[in-house]
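J.: What follows is a structure written as structure tokens; I'll ask about it next.
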Amino acid sequence: MSVKTFNRGVYLPHYKEYSEEKAITTIALPSEVVIPLSQHIGAPCKAVVSVGDKVKTGQKIGDSDAFVSAPVFSSVDGTVTAIEPRPGFTGNDVESVVIEVAEKQEEPSWSERDISKMSGEEIKQAVRDAGIVGMGGAAFPTSVKLSPPKPIDVLIINACECEPFLTCDHRVIVEMTEALVLGSKLIAKVVDAPRIIFGIESNKPDGIEALKAQVGDEEGLEIIELDVKYPQGSEKQLIKATTDREVPPGKLPLEVGVVVQNVGTAVAAYEACRFGKPLYERVLTVTGDAAANPGNVKVPIGTTIGHIIEQCGGFKDGKEPGKVVLGGPMTGFAQTRLDIPVVKGTSGILLFSEEMLVKTEHMPCVRCARCVDHCPMYLYPNSISSNAERGFYDKAAEWGAMDCFECGICVYVCPSNRPIVQLVRDTKKAQAAK
Ligand code: SF4
Ligand code: SF4
């Protein structure tokens with residue numbers, strides 16, 4: 001069977017071999033969790049607990065009345081010791097609930113529901129109540145995406161995991177296949193989509209087999225094998241590859257009758273509907289050439305990356321890594337400290353040795369046009385960056401900076417190591433401030 005794909009993009013080394021065959025494990029609890037009240041796109045939550053309160057695993061600790069928001073939950077049994085700004089993964093301080101973890105933890109108890117009897121509205125409410133957000137990294141509140149103002153005829157489940165190194169979605173596909181397919185059907189019911197496509201890159205043959213076995217020949221469910229090319233999992237490229245539909249610039253997938261959800265989000269939707277379980281833990285990948293024991297772990301939200309690294313065996317040969325990144329290597333955030341907590345959208349902790357890092361100075365543009373040839377959004381990254389560099393943000397926006405989804409390909413292919421994504425971010429910030 002031939003694999004499908006989109007135009008442009010790049011073939012990157014996968015580096016999945018560090019952890020793709022490592023089954024999901026758990027770690028010992030930390031002594032403290034730090035749970036940011038804003039872990040999503042949209043309005044931050046306000047704390048609904050106070051310092052000194054005893055909290056239980058799965059108890060709501062923050063919420064907001066805003067439509068675009070998602071509540072947050074305690075990931076442990078413990079006592080609230082502070083509600084204060086703490087450093088987050090983007091480098092900014094975020095108002096957070098700090099919880100001292102109780103020595104004795106009780107197993108949370110959930111009441112099981114018959115999901116076949118749930119209406120679309122009940123499913124959507126369960127997803128909202130559980131605080132589910134896009135778990136591929138974007139962290140957009142899922143209940144908002146499940147209220148499309150236009151008819152939807154296709155739900156695409158993003159099973160690509162196209163960033164190098166990351167393997168947590170792969171493991172979820174292989175180990176939680178039934179929950180993934182049932183969760184996908186629940187989401188399709190909400191948006192009334194008669195067709196579900198699982199778009200999966202061909203470097204996950206066991207994932208493809210697991211999905212095929214689960215789906216069988218059920219009508220309306222398809223598995224589409226995709227080329228292993230970056231950014232295959234980004235929404236517009238995934239829609240093009242699987243349905244041949246083009247989302248117009250500046251528009252959302254719903255314009256072409258599509259909703260896209262990540263595999264982790266579908267599993268979380270299933271757990272929310274079936275058990276009423278809120279999103280207070282997630283699977284992520286700890287990997288890289290500087291990781292002593294790469295693998296995939298399920299961790300409570302709010303656990304610091306330092307604790308997770310230590311529980312996974314620490315740094316390889318005890319040597320400090322040259323770089324720590326939260327998320328994937330192309331779109332993730334470099335970290336300078338290890339007391340940063342994992343949030344709902346954290347897909348990986350990457351540890352890179354000094355040797356693995358290519359360090360070159362930022363040089364002037366040599367007009368090679370490689371960035372233009374590879375940009376999957378058909379933008380002119382050279383013109384965007386040269387204008388933004390001189391503070392001409394309006395001009396940079398005219399060249400399409402606002403349509404850039406920061407995939408990082410232009411930076412990857414640029415021989416002058418131009419800081420193009422940073423200049424795009426500067427442009428977006430300047431435009432938002434207007
Ligand atoms: S301009 Fe934006 S969308 Fe295009 S390659 Fe660069 S980061 Fe990706
Ligand atoms: S790849 Fe780099 S050097 Fe080449 S045109 Fe683009 S910005 Fe300029």
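The values are calculated or read from the model by the stated rules, or taken from the named source; none is laboratory data. None of the values given here were measured: they were computed from a predicted structure. So basically every Cβ, Gly included, is an ideal-geometry build from the backbone, and we count neighbours across all protein chains shown.
J.: Right, S116: at negative phi, of a type in the set (S, T, Y) and outside any loop (DSSP other than H, G, I, E, B) or not?
T.: For S116, the condition - at negative phi, of a type in the set (S, T, Y) and outside any loop (DSSP other than H, G, I, E, B) - is met.
J.: Please determine, by comparing only the residues of region 400-412 that are within 12 Å of ligand 2 (Cβ to nearest atom) and free of Cβ contacts under 8 Å to residues at least 60 places away in the same chain, which one is surrounded by the most Cβ atoms within 10 Å (Cβ to Cβ).
T.: C410
J.: How about region 87-99: which of its residues are surrounded by 14 or more Cβ atoms within 10 Å (Cβ to Cβ) and of a type outside the set (F, W, Y)? Can you show your working first?
T.: First, the residues of region 87-99 that are surrounded by 14 or more Cβ atoms within 10 Å (Cβ to Cβ): 87-89, 94-99.
P87, G88, V94, E95, S96, V97, V98, I99, listed by residue number.
J.: How many of the residues in region 224-246 are β-branched (V, I, T) and in a strand (DSSP E or B)? Outline the logic, then answer.
T.: Taking region 224-246 as the starting set, the residues that turn out to be β-branched (V, I, T) are 224, 228, 239, 242-243.
Narrowing the set further to residues that are in a strand (DSSP E or B) leaves 224.
Count: 1.
J.: Out of the residues in region 413-433 meeting the condition of being part of a helix (DSSP H, G or I) and either touching a strand residue (DSSP E or B) at 6+ places or on another chain (Cβ under 6 Å) or charged (D, E, K, R) (or both), tell me which one is farthest from ligand 2 (Cβ to nearest atom). Spell out the reasoning first.
T.: Of the residues in region 413-433, the ones part of a helix (DSSP H, G or I) are 413, 420-432.
Keeping just the survivors that are either touching a strand residue (DSSP E or B) at 6+ places or on another chain (Cβ under 6 Å) or charged (D, E, K, R) (or both) gives 425-426, 428-429.
Values: R425: 16, D426: 15, K428: 18, K429: 20 Å.
Taking the candidates together, the pick is K429.
J.: Report yes if A388 is modelled with pLDDT of 95 or more, away from ligand 2 (no atom under 12 Å from the Cβ) and not assigned by TED's automatic domain parsing to the domain that holds K236, otherwise no.
T.: Details: modelled with pLDDT of 95 or more: yes; away from ligand 2 (no atom under 12 Å from the Cβ): no; not assigned by TED's automatic domain parsing to the domain that holds K236: yes.
In short, no.
J.: Return the residue satisfying two criteria in turn: it lies in region 142-194 and is outside any helix (DSSP H, G or I) and hydroxyl-bearing (S, T, Y), and of such residues it is nearest to L211 (Cα to Cα).
T.: The qualifying residue nearest to L211 (Cα to Cα) is T167.
J.: Let me ask something else about it. Under the condition of being assigned to a helix (DSSP H, G or I) and within 7 Å of ligand 1 (Cβ to nearest atom), which residue from region 394-410 is nearest to the chain's Cα centre (by Cα)?
T.: I409
J.: Additional query: Can you tell me how many residues within region 141-189 are basic (K, R) and modelled with pLDDT under 95?
T.: Total satisfying the criteria: 2.
J.: Another question, then. Scan region 337-374 for residues that are in a loop (DSSP other than H, G, I, E, B) and near ligand 2 (Cβ under 9 Å from one of its atoms) and jot them down.
T.: Matches in region 337-374: M363, P364, C365, V366, R367, C368, A369.
J.: Quick one: what pairs do we get from region 353-380, first residue more than 17 Å from V424 (Cα to Cα) and touching a residue at least 60 places away in the same chain (Cβ under 8 Å), second of a type in the set (D, E) and more than 12 Å from ligand 2 (Cβ to nearest atom), C-beta under 9 Å, 6+ apart or different chains?
T.: The qualifying pairs are S353/D289; E355/D289; M356/D289.
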